[in-house]
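Q: Quick one: structure below, then a few questions.
We did not get these values from a lab; they are worked out from the coordinates using the rules stated. Nothing here was measured: the structure is a model prediction, and the numbers come from that model. A quick note on method: Cβ atoms are made from the backbone with ideal geometry, for glycine too, and the neighbour counts reach across all protein chains shown.
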Amino acid sequence: MRSGLSRAGLVPASFVAIALLAGLGTVSAAQDPIGDRQDAMDDIGRAMKTASTIAKGSADSYDAAAAGKAMQTIASAAAELHTLFPADSQTGGDTRASPKIWENMADFDAHITKLEEAAKAGVAAAPGGLAAFAPAVQAVGATCSSCHDLYRLRKS
Ligand code: HEC
């Protein structure tokens, strides 16, 4: 019975996968890395706003689940960033990625890892209450600005 149910669930999923593959055609997997990384950054930005609001709130209204979720959103989106700066995406669209990224890819990637790890620490801190969560949010915030200062171009 259980396997029958899971099979029924798998069939539509595989149809979706086939449809997606067919849609991709001959184009490479990351079709729009600039758009995708900007979307990931926007998700990160929104989650960071939520986390900051929680961190500035009162201990009475502290919502550990919402706090953990915001940090998990950042960690997951950060994990995607590793592959979203391929060599052929240095220019195009309205990218503000600095050319320095591709001159220092190992360092840039280490900045992504720092963000990811700080966000995971935030997930771990969330159940510990506001006193544990607020400094974790600050630590995540520090990783944003240290990378942007080096690797994001100013608005033109
Ligand atoms: C590893 C470096 C790095 C880290 C860490 C990082 N960013 Fe970014 N961020 C960038 C780069 C590079 C861009 C420009 C991307 C582009 O336009 O192609 C960007 C762009 C953005 C944008 C604009 C997205 C858009 O729609 O154009 C927002 C918002 C943003 N970052 C928020 C954040 C926040 C909030 C954090 C921390 C929680 C963060 N970033 C951490 C490198 C980083």
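Q: Give me, ordered by chain and number, the residues 5 or more places off Ala97 or on other chains with an amide H under 5 Å from its own placed amide H.
A: Leu153
Q: If each of Met105 and Ser146 carries a label point 7 Å out from its Cα toward its Cβ, how far apart are those two points in nm?
A: 2.3
Q: Okay, next question. Report the extension gain between Ala139 and Asp88 in nm, rounded to one decimal, defined as 0.36 nm multiplied by the number of residues separating them, less their alpha carbon distance.
A: Length difference between fully extended and current span is 15.2 nm.
Q: Set the Förster radius R0 to 35 Å, insert the Cβ-Cβ distance between Arg154 and Ser76 as r into 1/(1 + (r/R0)^6), and round the FRET efficiency to 0.05.
A: After rounding to 0.05, the efficiency reads 0.80.
Q: Lysines near Lys120 by alpha-carbon distance under 26 Å, same-chain residues fewer than 8 away left out - which ones?
A: Straight-line reach from Lys120, under 26 Å: Lys49, Lys56, Lys69.
Q: Output ³J(HN,Hα) for the range 146-156: one whole-Hz value per residue in order, computed from phi by the Karplus curve 6.51 cos²θ - 1.76 cosθ + 1.60 with θ = phi - 60°, and x for Gly and Pro.
A: For the range 146-156, the Karplus-derived couplings read 5, 6, 4, 4, 8, 10, 10, 6, 5, 5, 8 Hz, x marking Gly and Pro.
Q: Using θ = phi - 60° and the Karplus relation 6.51 cos²θ - 1.76 cosθ + 1.60, list the HN-Hα couplings for the range 44-56 in order, rounded to whole Hz, with x at every Gly or Pro.
A: For the range 44-56, the Karplus-derived couplings read 4, x, 5, 5, 5, 4, 4, 4, 5, 4, 5, 5, 8 Hz, x marking Gly and Pro.
Q: Test of understanding: extend the Cα→C-beta vector of Thr113 to 7 Å, then name every residue of the range 62-83 with backbone N under 20 Å from that spot.
A: The answer is 74-83, whose backbone nitrogens lie closer than 20 Å to the label point.
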